[in-house]
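In what follows, a single structure is set out as structure tokens and then discussed.
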Amino acid sequence: MNAAVTTSSFPSIPIPKDLPEPERLRAAAEVSALHFEHLSGFLGYLDSASVGMVRRAWQFADKAHRNQWRSSGDPYITHPIAVAGICANWKLDAQALSAALLHDAMEDCGITKDDLREQFDDTVAELVDGLTKLDKLHFNTREESQAESFRKMLLAMAKDVRVILIKLADRTHNMRTMGDMPRSKWGRIASETLEIFAPIAHRLGLNQSYRELQDLSFRHLHPWRYATLEKAIGKSRSRRRDLVQRVHNEVQAIFERLGLTARLAGRENTLFALYQKMQRQHQSFAQVTDIYGFRIILPTTTDCYTALGVLHQLYKPVPGRFKDHIAIAKSNGYQSLHTTLVGPSGVNIEFQLRTESMHIVAEAGVAAHWLYKSEGQQEALNTKWLQSLLDIQNETRDASEFWDNVKVDLFPDSIYVFTPKSKVFSMPHGATAIDFAYAIHSNVGHHATGAIINGEAASLRTALKSGDVVEITLDENAEPNPMWLNFAKTGRARSKIRNHLKTVAQTESAALGEQLLAQALREEGIAELPADEDALEALWQAVLKPGQTQTELLSDIGLGRQVATLVAQQITSYLLHQGQRPDALLLTQQRFTQNTRPHSSVILDNQNRAATHYAPCCTPVPGDAVTGYLGHGDGLHVHRSDCTEAQHLLERQPERQIAVEWGEDANTGHLYNANITLTVQNGRGVLARITQVLADTDVDIRRVDIEDESAMQTTVLRFTVAVHDQLQLETALRALRRNTVVLSCSRVLAP
């Protein structure tokens, strides 16, 4: 690769504002031509037709930006040229370079997308359009606004990664020249760069840009700290120059003696990295020892491992500071061997060993795809993360939820986990077994029941460590549990779980809504809707709101967002206009029934779990007399008929009362919470005896509360238990009363 295109590659040539306009424009044209000529020196990897396309883009942009100026006094066109120069350093194709030159043309110069499509091609027009939309984004401190902007940017990146590469080049040049901007803007722009753009560069493997953006942000966020640290580094560099040269000579000599061809380059940690380490470890600058390092480029992977062994013989390695990122690459494609050695005078020095192709990927990341493509050496890098953004977007339309799902993947501290067949998965630090299950496949996650980690059974909430061998145990009848969201860490797992729960909830609430609407229609004398498909479709079109589907309407009824009676009245009114009159006999039957109960009953069974909630205030179980209350947007709430809270709710909103009855299979395959309280004799082993009684009656214990009355002869125990029905609960209570340590026990029917 050519040397990096830096700010000094395109020197600032301010043009005095007091020059007559013709002279100023003529001078601007000369500066533009000079800068583009310099850019052309970096385009040797393109063919002549591609260079011609880039030249046309420059000429078009130069004309569009004529008489526009930067804060420094430079012609504005120098900025797009510098952005294109950074992209050329990444070896991007002619379409991307053209888009870089034109990226401000639509926003600032009145150029339309059709103009670009006519002058260039659809791809260039789409790239510039995507960049224009990104430029309109503003990352405010309010999280919901930031989340929406971030979502749009990531989706643009997922559709064509060149959009974000050009955007990163644009941000890099703006950061390099931020000294020309008003100081009042430094904090906002630098914070935005540090929190959003630098992590994206890191996630894409653009390590050189990542480090530069961090340092530039640090420089403008904390100018005094930056200057102090820079001065300290300068002094340290002069003191240790001889030491670094000695290490360089010793390593070079031993490699030559053993016939290893290697290219050594010294490297320093960035100022921001040193500052972070000092903050994290509460160290002073004098206590930070591993400031310096060497990067060693070797011909083959085997040479890398050979050279590693040679270095470990030359200097002692620091325990725990060796990492093999060649055997297990980082999630952004980075590969290298890292080791920290104790050099002369006890100074720690880090070495990175890699091949030339690994070095290109390490510096250019996903941008290296275009270099490989042009040289025909390697296929595109793994960009699964980019595709996963689209997958998450398809399942998550809420911007804050989208941001919540991807931010943990954007700031990864990776671990590497294996399947029993030795397939490796890169996951963020803190990932659990459920994250691993969803990383394998959505269906594996949906039907997971547990894990086997390194041969031992473990729960799905178990946090994984690098090197773990994980196998997921499955059950076809298992389904995602909302509790999984408490310990799922990856965006993919969280979005898959949420999407499944939403889908199930919508399906079940729609089924409940359909039942409630059918009951409301019967009360209006409508036994059934038209059988003719065209007539039925016309009916729904008349009732539905714009953009609403039939399923969404039924779901809204089931969740209580819309009242079934009002929808039924709309349908009845529509049918009357179509000539269909209510059934008089059915209407009479329904009015007679209303004297004994408010509506036909909703059957409580195992079909609508997500849309039905059993009230914690009175904990109804099958066998109890119950009533229903349709909540505002959260479905059907089932209470005991004698529950005072339910009575208060229904007094205020009687129209939301729903008659409910237990279905025949309500106690099959489903457990219901119930609260019981016991007064027992104080003594050793009492709790064990009580829990054994409950276990013998097949009752699950969900919660235990014990009053602190250790000095008293008696104490009170409160249990939340899970039972199938009232019969099982009464059986358990009778068994408890027969126990000699139990003085009294009863079911708690109110808080």
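Distance between the 7 Å Cα→Cβ label points at THR551 and GLN276: 4.3 nm. Using a simple spin-label model with pseudo-atoms 7 Å out from Cα toward Cβ, ALA695 and GLN59 lie 8.7 nm apart. Taking amide H atoms as placed 1.01 Å from N in the peptide plane, the amide H of ASN348 lies under 5 Å from those of GLY343, each 5 or more residues away in sequence or on another chain. Applying the Karplus relation 6.51 cos²θ - 1.76 cosθ + 1.60 with θ = phi - 60° to segment 118-132 yields 3J(HN,Hα) values of 6, 7, 10, 7, 4, 5, 4, 4, 5, 4, 5, 4, x, 5, 4 Hz, where x marks Gly and Pro.
Here segment 461-485 and segment 23-72 have alpha carbon centers that stand 56 Å from each other.
For HIS446, HIS359, what ranking results if the residue with the fewest other Cβ atoms within 10 Å of its Cβ goes first? Intermediate results must be reported in sequence, preceding the final value.
On the way: HIS446 17, HIS359 21.
Listing HIS446, HIS359 from fewest to most nearby Cβ atoms yields HIS446, HIS359.
The convex hull drawn around the Cα atoms of segment 642-751, when projected onto a plane and averaged over every direction, covers 8.5 nm².
Using the Cα centre of segment 672-748 as the reference point, and only Cβ charges (+1 on K/R, -1 on D/E), how large is the resulting charge dipole? Debye, rounded to the nearest 20.
The calculation lands at about 160 debye.
Which log10 I(q)/I(0) values, to two decimals, does segment 447-532 give at q = 0.13, 0.22, 0.26 Å⁻¹ under the Debye formula with one point per Cα? For the requested q values the scattering log ratios are -0.61, -1.10, -1.30. Across the options LEU733, VAL723, ILE706, the greatest Cα extent toward the positive end of the charge dipole of segment 672-748 (unit charges at beta carbon of Lys, Arg, Asp, Glu) belongs to LEU733.
Please sort 423-435, 117-129, 177-189 by packing, taking for each peptide the average over its residues of neighbouring beta carbons within 10 angstrom, highest first.
Details: 423-435: 20.0, 117-129: 18.2, 177-189: 13.7.
Highest to lowest by the protection proxy: 423-435, 117-129, 177-189.
When you count, for each residue, the other Cβ atoms within 10 Å and take the mean per peptide, how do 570-580, 636-646 rank with the highest first? Could you put the intermediate results ahead of the total?
Numbers: 570-580: 13.8, 636-646: 19.9.
Ranking the peptides 570-580, 636-646 by packing returns 636-646, 570-580.
When peptides 540-546, 30-36 are sorted by average Cβ neighbour count within 10 Å, with the highest value leading, the order is 30-36, 540-546. Listed values for segment 672-681 are Karplus-derived 3J(HN,Hα) couplings in whole Hz (6.51 cos²θ - 1.76 cosθ + 1.60, θ = phi - 60°), namely 10, 6, 9, 10, 10, 10, 10, 9, 10, 6, and x replaces Gly and Pro. Close amide-amide hydrogen proximity is noted between HIS613 and LEU636, HIS637, VAL638, each under 5 Å apart and 5 or more residues distant or on a separate chain (H modeled in the peptide plane; Pro and chain starts excluded). Legend: residue pairs LYS277/LYS496; LYS330/LYS489; LYS167/LYS502, Cα-Cα distance threshold 24 Å; pairs beyond threshold, LYS277/LYS496; LYS167/LYS502.
Rounded to the nearest whole Hz, the Karplus-based 3J(HN,Hα) values (6.51 cos²θ - 1.76 cosθ + 1.60, θ = phi - 60°) of segment 44-50 follow the sequence x, 7, 9, 7, 5, 5, 5, with x at glycine and proline. Distant-in-sequence amide contacts of VAL660, defined by a placed amide H-H separation under 5 Å and a gap of 5 or more residues or a different chain, comprise VAL602, GLY628.
For segment 161-316, the fraction of C-alpha pairs farther apart than 23 angstrom is 53 percent.
May I ask you to sort CYS304, CYS745 by Cβ crowding, counting other Cβ atoms within 10 Å and putting the fewest first? Intermediate values should be presented prior to the final figure.
Numbers: CYS304 23, CYS745 20.
Listing CYS304, CYS745 from fewest to most nearby Cβ atoms yields CYS745, CYS304.
A Förster distance of 60 Å, applied to the separation of the beta-carbon atoms of VAL543 and ALA253, puts the FRET efficiency at 0.10.
When only alpha carbons are used to place a centre, segment 165-193 and segment 307-361 end up 33 Å from one another.
None of the figures in this text is laboratory data; all of them are computed from the coordinates on show. Everything numeric here is computed off the predicted structure, so don't read it as measured data. Cβ atoms come from the backbone with ideal geometry, glycine included; neighbour counts cover every protein chain shown.
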